[in-house]
Amino acid sequence: MKYVKWFDEVGKDDVALVGGKNASLGEMIKNLQPKGVDVPSGFATTAEAYKYLLQEAGIGEKIKETLADLDTHDMENLSKRGNKIRRLIRNASCPRDLEDEIRAAYKEMEQRYGENVDVAVRSSATAEDLPTASFAGQQETYLNVRGEDELMEKVMECFASLFTNRAISYRVDKGFDHLSVYLSVGVQKMVRSDLASSGVTFSIDTESGFKDVVYITGAYGLGENVVQGIVNPDQFYVFKPTLREGFKPLVGKKVGPKRKKMVYNEKGTGTKQRKVTSEEQKQFVLTDEEVLTLANWTCIIEEHYGRPMDIEWAKDGMTNKLFIVQARPETVHSQKDIAVLETYVLEEDRDLLKEEGWLLVEGEAVGSKIGYGEVNVIENAKAIHEFKPGQVLVTEMTDPDWEPIMKIAAALVTNRGGRTCHAAIISRELGIPCVIGTVNGTRALKSVKGVTVDCSEGIGRVYESKLNYRLDKVALDKVPRPRTRIMMNAGVPENAFFQGQIPNDGVGLAREEFIINSYIGIHPLALIEYDNLKKRAGNDRKIAKVIKEIDARSTAYTDKVEFFIDNLAMGIGRIAAGFYPNEVIVRLSDFKTNEYANLIGGYLYEPEESNPMIGWRGASRYYDEKFKPAFRLECKAIKKVRNEMGLTNIRVMVPFCRTPEEGKKVIETMEAFGLKQGENGLEVYVMCEIPSNVILADEFAKVFDGFSIGSNDLTQLTLGLDRDSDLVAHIFDERNEAVKRLVKHVIDVAHKHEPRRKIGICGQAPSDFPEFAEFLVECGIDSISLNPDAILSTRLHVAEVEKQIDVRKNKSD
């Protein structure tokens, strides 16, 4: 056939022939299907077919004339010209020989799949899916098309959609000549995802550009709802390096509301929206095994193309099989200059802003930038002509029709959508901050004049008024690497993929309690005793409230213990993945009794202590029969990260261990729960934060593999003061000579021990006081762990201190 090619007749080098989308489908069918990646078959009209249509209809010159006085910044001008050209193409007669070929190809598909076979009809331009420009959604797609006549109608609609207003505007913006771009139409066998689920997968983290993770989104029904941002989908993260080794590193999953699904019309063709039941909304659309299958396929596709990829997937509800229905190059992070680290920093206290009512709405952050502008709430695309450059666009959601004003916006806020929706893709490409899925953004910001849109911390926040922020730029090749390891304190898994790209030597302190607080929020014993509590709920209102809150947070889990283990494992796993293969030291839970009591159901299990800071905390809990069942869940989570996810860069640290004998009890308890010191390279460290840890350092060194100095507690207990008390706050100072002598002593003992023990510090002092960091380097400490914002400055400072020490040493020699 002259004007039609089957997908398996084309490949990635045929973009000029069948457009980016169709060329990629052919490439995967020919090369990746043998590797297990399933792609539905179909055919494509060629670019020659499109040219032939314009030539035979004699409308090429008319299109050229219509575009002569085009002004894409004038919405009325753009709309008028777009409409005129689309009418010209839609009303043109399709040449008989071209129509015959399309009908013949469809008949062959009927022979393969049955009469009146359902197909997707997709536009594929010769200037789309390029590594530098996605052209996301610029042309039209039609789903559940059946029969030759309807197919021909949709083919003509696709040809006309080369001149949608958004496509015209996008081409001008990207510097493409309108008459040098041609359109191919892809006709692909539908996957019955209307009976199951579908979504998008990226072979790179869409926000941080972290290249070692697969990011998957999914919702019920046909994929358009995810792509267009009509629903907030489920989200999954899989770590690529250990996935390739055969492990199951699902380091993140989150249930999305998924309130609608796009399904087939009961009669005839086309689609409609249907509500998703509340029970379905609470469940994940994919099993863990299906997520891992998609992640494996994503890695295969990425390796084949040799670049980060943006992929659409669908699950067939009749066969339960997974399919890849599109794959294109990722166009944002793959183009970035990775030699320069750009960090936006909000120079305000976020807690205070929230407390004082400046925080208006929250949602998912797209990118990591901060922006300010006057608010313009536009709820319908017909009103986009009212938008002015530099404003913040606030709307329900965007589709490609909004692109002409998105490129002049300072920021974007939407009620709906996930991180792979149209609004997210285009805002990344344009480099503007975007907060999606706020639910009530259009209502909450309606009467607000100006807002600061903050995406710098992994959560999208919109604040009233103009706040102070700055942009820090660091040339990574200029950052020295000192002998002293400069590590990071971490506790928020969502930030790990960003923070892991800051020059560092691993994580010196990953706080479990941060993960438990944000990912779980429920006392572990309440989850263990869930069934008993449920029986008691009928007679106790407070317990009934606890059960209701547990159910709300753990909707996708019938086994509430698994909810705790899974979520703690994923939180730890995400941090371990972000810094892999560097060492990540995870401190076991260090909640005080009052903090544990604040968790859901905590009041049922926690005693009241007059001074929780020096009470039942840390090591003393883990072997205590009252808390031991809860500690078992922590051990199982860590074991899952190391053994199932393959993240053996995890080390474990025991906090507030008062005596060496207590340390031995903890080690024995861990082993009973499957975490054996030394097995699979597992090292167990101890926090050095009590004077007894220093005085008996030689004995603690026989029990543990290393020390981490906690300067906050060590200062508190050395000077005999409560660091939470304002009355004695003026005395609290890590630079006190008594504290410094203890620090120097324990470093000396750790290094003299046989075998030599590692020792670092994870307190706040080196971040706050450069002279304290200097003192630590002179003592020969192995590592300094700091808050992320102090990493680069401390690295520079420590390198200079080491240089001075070397100069002094050379002089004395």
Residues located in region 690-713, provided they are under 35 Å from the mean Cα position of the chain (by Cα), open to solvent by less than 30 Å² (accessible area, probe 1.4 Å) and at pLDDT 95 or above: Gly706, Phe707, Ser708, Ile709
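Check Phe514, Phe579, Phe591, Phe563 and return the single one that is of a type in the set (Phe, Trp, Tyr) and in contact with a strand residue (DSSP E or B) (Cβ under 7 Å, 6 or more places away or on another chain).
Details: Phe514 fails: in contact with a strand residue (DSSP E or B) (Cβ under 7 Å, 6 or more places away or on another chain); Phe591 fails: in contact with a strand residue (DSSP E or B) (Cβ under 7 Å, 6 or more places away or on another chain); Phe563 fails: in contact with a strand residue (DSSP E or B) (Cβ under 7 Å, 6 or more places away or on another chain).
It is Phe579.
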Which one is farthest from Gly431 (Cα to Cα), of the residues in region 363-400 that are part of a strand (DSSP E or B) and open to solvent by 80 Å² or more (accessible area, probe 1.4 Å)? Glu374
Check whether at least one residue in region 738-745 is modelled with pLDDT under 90 and either among the small types (Gly, Ala, Ser) or under 39 Å from the mean Cα position of the chain (by Cα) (or both), and report yes or no. no
Which of the residues belonging to region 756-793 are crowded, with 20+ Cβ neighbours inside 10 Å and polar (S, T, N, Q)? Ser767, Ser783, Ser785
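When you go through Arg443, Arg470 one by one, which is the residue that is part of a strand (DSSP E or B), surrounded by fewer than 18 Cβ atoms within 10 Å (Cβ to Cβ) and not small (Gly, Ala, Ser)?
Details: Arg443 fails: part of a strand (DSSP E or B).
Testing whether each residue is part of a strand (DSSP E or B), surrounded by fewer than 18 Cβ atoms within 10 Å (Cβ to Cβ) and not small (Gly, Ala, Ser) leaves just Arg470.
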Given the condition at pLDDT below 90 and under 17 Å from the mean Cα position of the chain (by Cα), answer yes or no: does some residue in region 367-381 qualify? yes
Right, Thr126: modelled with pLDDT under 95, open to solvent by 40 Å² or more (accessible area, probe 1.4 Å) and either touching a strand residue (DSSP E or B) at 6+ places or on another chain (Cβ under 9 Å) or acidic (Asp, Glu) (or both) or not? no
Out of (1) in contact (Cβ under 8 Å) with a residue 60 or more places away in the chain; (2) open to solvent by 60 Å² or more (accessible area, probe 1.4 Å), what's the single condition that is false for Gly720? (1)
Every residue in region 41-64 that is open to solvent by less than 50 Å² (accessible area, probe 1.4 Å), within 26 Å of Phe7 (Cβ to Cβ) and either among the charged types (D, E, K, R) or not in a helix (DSSP H, G or I) (or both), please. Ser41, Gly42, Phe43, Ala44, Thr45, Thr46
Can you name the residue in region 544-564 that is among the β-branched types (Val, Ile, Thr) and open to solvent by less than 10 Å² (accessible area, probe 1.4 Å) and, of all such residues, is farthest from Phe239 (Cα to Cα)? Val546
Identify all residues within region 193-226 that are farther than 23 Å from Thr398 by Cβ, hydrophobic (A, V, I, L, M, F, W, C) and out of contact with any Leu (no Cβ under 8 Å at 6 or more places or on another chain); write none if there are none. Leu195, Ala196, Phe210, Val213
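With respect to Lys240, is the statement that it is free of Cβ contacts under 8 Å to residues at least 60 places away in the same chain and surrounded by fewer than 24 Cβ atoms within 10 Å (Cβ to Cβ) true? Reasoning before the result, please.
On the way: free of Cβ contacts under 8 Å to residues at least 60 places away in the same chain: yes; surrounded by fewer than 24 Cβ atoms within 10 Å (Cβ to Cβ): yes.
Against the criterion (free of Cβ contacts under 8 Å to residues at least 60 places away in the same chain and surrounded by fewer than 24 Cβ atoms within 10 Å (Cβ to Cβ)), Lys240 qualifies.
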Strands (runs of 3 or more DSSP E) wholly inside region 192-244 containing at least 2 residues that are under 26 Å from Val119 (Cα atoms): 197-202, 213-220
Could you check region 279-357 for strands (runs of 3 or more DSSP E) lying wholly inside it with 1 or more residues that are of a type in the set (A, V, I, L, M, F, W, C) and surrounded by fewer than 18 Cβ atoms within 10 Å (Cβ to Cβ)? 340-346
Determine, yes or no, whether Asp624 is assigned to a loop (DSSP other than H, G, I, E, B), touching a helix residue (DSSP H, G or I) at 6+ places or on another chain (Cβ under 8 Å) and of a type in the set (D, E, K, R). no
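The values are calculated or read from the model by the stated rules, or taken from the named source; none is laboratory data. Everything numeric in this text was worked out from a predicted model, so none of it was measured. So basically every Cβ, Gly included, is an ideal-geometry build from the backbone, and we count neighbours across all protein chains shown. Side chains included, ligands, DNA and RNA excluded: accessible areas come from the protein's heavy atoms. Shrake-Rupley method; radii C 1.70, N 1.55, O 1.52, S 1.80 Å.
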